[in-house]
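The values are calculated or read from the model by the stated rules, or taken from the named source; none is laboratory data. Since this is a predicted model, take the numbers as computed values, not measurements. Every residue, glycine among them, receives a Cβ derived from its backbone with ideal geometry; neighbour counts consider all protein chains shown.
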Amino acid sequence: MSRQDKFAPPPVGASEVEFLGDDDRLQLHLRLKLDEVAALEAELLRRSARRLPSRRELAKLACKIYDARRARERLLDKEGRGLFGEPAWDMLLALYGLPSRGELLTISALTYASQAPQTTGHRWQKILIREGLIERGPDTGDLRRQFVRLTPRGKALMESYLSKLYYSDVPLPANPEQTCS
């Protein structure tokens, strides 16, 4: 005869746990502990969830990258041979970060910010316009001068990329012999 054939109804007023077999009691306790662990893990995930960086934090990061690129050129390319040239990237960094410093960029200023010759800078601006990343618009005070800015698409792509960089800082290893692998 199996255990199931010996079913006896619990007496009135008795708790359910008192009449469970050892296996059933163990399963119940295990289920309750698993629910507790799941709740704790959910709380830890909620607490450690990363918030999106603010526009100000991203602009500061863009400026740091831009400034680091200028410092690299000053230190490693003293002859000005253009060893580290990426005019399009420099333009996007400048258009994202420099307005937070109060600098609005004209066509010429953007080319200057990219450290590219004028013809190269204008060519890259045309490519960025064609790709829908930047746009030109007239200065309201002087219609001969045009300002350049990121398009909404360009801004969104820069924010997406900079947000990923913002959280990519990895602490230095405790063991100096550890290297990238």
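Just to be sure I understand, how many residues within segment 87-98 are touching a strand residue (DSSP E or B) at 6+ places or on another chain (Cβ under 8 Å) and either in contact (Cβ under 8 Å) with a residue 40 or more places away in the chain or over 12 Å from Leu61 (Cα atoms) (or both)?
4
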Margin query: Condition first: in a helix (DSSP H, G or I) and acidic (Asp, Glu). Now tell me which residues in segment 68-110 satisfy that.
Written below: Glu73, Asp90
Check: When the residues of segment 111-129 are filtered to those that are assigned to a loop (DSSP other than H, G, I, E, B) and touching an Asp or Glu at 6+ places or on another chain (Cβ under 8 Å), which remaining residue is surrounded by the most Cβ atoms within 10 Å (Cβ to Cβ)?
Finding: Ser114
Item checked: Filter result (over 17 Å from Phe147 (Cβ atoms) and within 25 Å of the chain's Cα centre (by Cα)) within segment 94-134 -> Glu131, Gly132
Notebook entry, point to check: Among the listed residues Leu128, Leu133, which satisfies the condition of being aliphatic (A, V, I, L, M), touching a Lys or Arg at 6+ places or on another chain (Cβ under 8 Å) and in contact (Cβ under 8 Å) with a residue 40 or more places away in the chain?
Noted result: Leu133
Check: What's the number of the condition Ala62 fails, among (1) under 20 Å from the mean Cα position of the chain (by Cα); (2) of a type in the set (A, V, I, L, M, F, W, C); (3) surrounded by fewer than 17 Cβ atoms within 10 Å (Cβ to Cβ)?
Finding: (3)
Notebook entry, point to check: Here are some residues: Glu41, Glu36, Glu86. Which one is at pLDDT 75 or above and surrounded by 12 or more Cβ atoms within 10 Å (Cβ to Cβ)?
Noted result: Glu86
